[in-house]
Amino acid sequence: MQILKVENVSKIYGTKRNSNKYTALRNISFEVNQGDFIGVMGASGSGKTTLLNILGSLDKPTTGNYIMNGQNIGDLQRNQLAKHRMENIGFIFQDYNLLETMTLKENIILPLSLMGMDAKTIEAKLAKLAGDLGIVPVIDKYPYEVSGGEQQRAAACRALINNPKMILADEPTGNLDSKSGKDLLNLLSFINTEYKTTILMVTHDVFAASYCQKILFIRDGEIYNELYAGSDKKHFFDSIIDVMSMLGGERK
Amino acid sequence: MNLLTLALRNIRLNRKKYIMYVFSMGFSIFTVYTFLALMQNNYVKMAFQFDTRYTMILTSFGVIILVFVLFFLISSNNSFIRARKKEISTYSLFGMTNLRIGKLLFLETMLVGTATLAIGIGAGIFFSKLMAMFLLDLCLTNFVGDISFTIDPMAMVVTALLFLIIFCMMGLSALRVIYQFELVDLFKADKISEGKQKGSVAVLILSLILITSGYILASINNSMVVVLGAIPILILVISGTYLFFWGGLPKVLGLIKRNKRVYYGGVNLISVSAVSHRMKSIASVMATIAVLSAVAATAIATGFTLYSNAERNTYSNIGFDLVYYGEKVALQDEMHGVFETNHVNINRKDIVELNEVDPKTESIMIRERKHLSDEDSFRVYSETKYNSLIMASKNNLESVQIPSGKAYYIFPFSQEGIEDAMLGLELDFQDSAVQIMKVIRSNVPGFGLDHTLILNDRDYEVLVRSNEITPSQMNGRTLTATVITYEAALSNKKLNNELEEALTGKVERYRTAYSLYNESMETFGLICFIGFFMSGVFILMTASLLYFKQVMAAEEERHQYKMLRRIGMEDKTERQVIQKRLLPVFFIPLAIGIIHSIFAMKTADTIIFSNMIPVENSYLSVLGFSTVMYLAYAVVYGVFYLITKSQYGRLVRNESH
């Protein structure tokens, strides 16, 4: 089932009068189906974070449509956008973005309590998810008291707690050591298969990208190439490296 | 690039942060200058030089202001430096030594400080005049003293010197903060908690016990006990207040957190956790503000109550607009003449025949001093005569009804134990006796004698017939008192002067409401003026401290709001979060300060007002007057809260796109 359709989306920074225009995205079109695990790759400055911000409705496209659940997100008002984010999208950021003033538990339940859900339901949802994601032992600690991996797992937990249609992950492993990074990727795969949650992950880490089912490569604001994971993981990995070296991006 | 150009560049680049800094510093300078100018004011000097009590009060005000300014500036300076952590750490990273960074900051402080000093003193000159005019013309319209503020070079020099010293101390304290920084911390500064305050039930209970016992002590109805207990009360309440903010309030927040139904409501979750996160850094500030608010609210309420009751107090003292007795020559026509030439109508004039009686009684000692003995005569009234006298007066004494064989006793002064000593006392006449059933304090009906009796009409008749009640004699004439009420008595100075002139030397004694009123106006008006003035300064100072702290915090909390918006917080919710985040910080110290003040007013009532305000329950009336001032106080705080809220909102919404 298709849940997201992007049609000819462009993003141009700089005002009309200003000759200093910068085109971050150029006529991007693609579709996302329910349960996909899609990676977006590209070199620094290729426009991948801009794309993610637009998909997350943090930013608006200059032209083009972006349709989710049959609704054109560009038409929504500011407060409707907030509601849309709260109900449909879960975010995972490179620097976790947990509130320092709250324990992990409070951070995780924040979206639900903003929705006005009652305490019992919140506790029930939290108990299941926290168990699945393995953060029960540290749940009452504050973010600065736990490791980066644990913080990122808590952030994933927060992204998942309101059963979003889609999770947007912006370099989720960027700040993690390889072991924690691997754990998190396994977790995302688990979420993807177990909860049937659609995941869209921006990364420039080839290893992280190899966990995806499909990869979009972006260069200079345009989709340059697409890769699908076959049954052979090794082959997929090598193909990614090939494309990346052609893009002039990082090698691994 | 030398340090001076770097400093100037920094000031220019950091001007947004510096505006707040200049605002709070300028305010401190303004405060100090205005206070010094007030101290140097000739009228205030003259009025207070003779009374060491007032000098003491003023000096202690000065000390409180100075300590607070110092505390305020050093704390705002330190949080200012913390807000610039990143910048400072970059210097450090590029190899600037701590000492050089300290020098740079000191140079900046001095540059900005000197400019602020000029602005602050300028504002002080302008506003002290404005404030004095405002207070005198609007609030204290009946005040006759002359408080005019002029440009005071002495106050200017002292202020400037004082602040140069304070700037040096700030420089040293900044250096200390810089030395405390670790480079690593500097770059992750925002992420480190300021230290969580868990609080404890024991501290919460202890603080409540301390405050409550202070309150109980303050509510005792015995003025001797309260005066002696003043220091213990202060210690109990102040230490209780600090403990409450240090350990009690965090615990209360902890308890709120435990109530999941309340706590999990999205807005509460964010704001309660944010407030409890800030608790450690703001607890002392909140406690200090609560105590200062209590002081200021009490000062302002006392002043206002004294001032508002001056008229009532005057009439409870004298009863009529003009009273004289014991004339040496006939005066009636001359007095009428004075009123006529001034075109003033006499509302009512009564001539009271004064009688006295000399019953046998045991001697009464009160606190080892003779109060009453056999030789003392009593001024005496029948209940009808007394009732008509007080009906004519502007006093609000109540009319009496006395059963046969009983008597009311009136004494002009309030004295400890007088009621115990006099109630039930038997006064023996030749064939009868009366027993005192009630004691009243009033100096209206005495007319020259300390002790006054009111008897049942029939008892009175009997004593007149047996010649025991006799008309008083003075200067060879039967003694009468003339009591007059007339129009606009408290404002007609010319008439008063002429009346006094006409009466001087011709009567045994005279009193006018005008003179009495203006005497008390002069004292109370000045107390009230200084109370208003200092409270105004305190209110502005504390409120701007809160403003400064919160706006500084906004800089650090900005990224949280950004994140919250990302996960889908609506604008409406954001406004609620900001409101709940800021409201407690303003409201709790104010509420506690006012509650403290309510009890302080109870103490003031026991010591002063109950003697001054001649109504059954003077405390209620005192509370009425105080409430007006509490409301005014709350309004000022409310305005500051709104300013802070909009500024805070603006800061955290910045960079949202």
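Nearest 5 is fine: what % of DSSP beta bridges in the stretch B:322-512 come out antiparallel, could you say?
Counting DSSP beta bridges with both partners in the stretch B:322-512, the antiparallel share is about 75 percent.
Estimate for me the total accessible surface buried between chains A and B (protein heavy atoms, probe 1.4 Å, no ligands or nucleic acids), in Å² to the nearest 100.
Buried: approximately 2800 Å² between B and A.
Quick one: net charge around A:Leu76, please, counting Lys, Arg +1 and Asp, Glu -1 for every other residue with C-beta under 14 Å from its C-beta.
Numbers: positive: A:Lys60, A:Arg78, A:Lys83, A:Arg85; negative: A:Asp59, A:Asp75, A:Glu87, B:Glu570, B:Asp571.
Taking every Cβ under 14 Å from that of A:Leu76, the sum is -1.
Can you pull the mean other chain C-beta count within 10 Å for peptide A:105-116?
On the way: counts 0, 7, 4, 0, 5, 10, 5, 3, 9, 12, 2, 5.
For peptide A:105-116, the averaged partner shielding equals 5.
Determine the alpha carbon to alpha carbon distance for each of B:Lys280/B:Lys580; B:Lys17/B:Lys251; B:Lys370/B:Lys438; B:Lys370/B:Lys406 and list only those over 30 Å. Spell out each step's value before the answer.
On the way: B:Lys280/B:Lys580 18 Å; B:Lys17/B:Lys251 33 Å; B:Lys370/B:Lys438 20 Å; B:Lys370/B:Lys406 24 Å.
Flagged as over cut-off: B:Lys17/B:Lys251.
How large is ³J(HN,Hα) for each residue in the stretch B:621-631, as worked out from phi by the Karplus curve 6.51 cos²θ - 1.76 cosθ + 1.60 (θ = phi - 60°), to whole Hz, x for Gly and Pro?
Whole-Hz 3J(HN,Hα) from phi for the stretch B:621-631: 5, 4, 4, x, 5, 4, 4, 4, 6, 4, 5.
Just to be sure I understand: of the beta bridges DSSP finds with both ends in chain B, what percent are antiparallel, rounded to 5? Mind showing how you got there, number by number?
Working: 33 of 44 bridges.
Rounded to the nearest five, the antiparallel share is 75 percent.
Taking each residue of B:275-284 in turn, how many C-beta atoms of other protein chains fall within 10 Å of its C-beta, and what is the average?
Details: counts 1, 2, 5, 1, 0, 0, 0, 0, 0, 0.
That works out to 1 on average.
Report, for the protein assembly as shown, the % of DSSP beta bridges that are antiparallel, rounded to 5. Write down the numbers at each step before the final one.
Working: 54 of 82 bridges.
Here the antiparallel bridges make up roughly 65 percent for the protein assembly as shown.
Among the lysines, which have Cα under 20 Å from the Cα of A:Lys60 when same-chain residues fewer than 8 positions away are ignored?
Here the lysines satisfying the reach criterion relative to A:Lys60 are A:Lys5, A:Lys11, A:Lys16, A:Lys21, A:Lys48, A:Lys83, A:Lys165, B:Lys562.
Can you give the angle from 0 to 90° between the axis of helix B:383-392 and the longest principal axis of chain B, with both taken from C-alpha atoms, to the nearest 10?
The two axes meet at around 50 degrees.
So what's the stretch B:322-512 giving for Rg/Rh, alpha carbon basis, Kirkwood Rh from the mean inverse pair distance?
Details: Rg = 18.0 Å, Rh = 17.9 Å.
Ratio value, two decimals: 1.00.
Excluding B:Val622 itself, what net charge comes from residues whose Cβ is under 10 Å from its Cβ, given Lys and Arg +1 and Asp and Glu -1?
Working: positive: B:Lys602; negative: B:Asp605.
In short, 0.
The values are calculated or read from the model by the stated rules, or taken from the named source; none is laboratory data. Quantities reported herein were computed from a predicted structural model and do not represent experimental measurements. Note that each Cβ is placed from the backbone with ideal geometry, even for glycine, and that neighbours are counted across all protein chains shown. These accessible areas exclude ligands, DNA and RNA; they are computed on the full protein's heavy atoms, side chains included. Shrake-Rupley method; radii C 1.70, N 1.55, O 1.52, S 1.80 Å.
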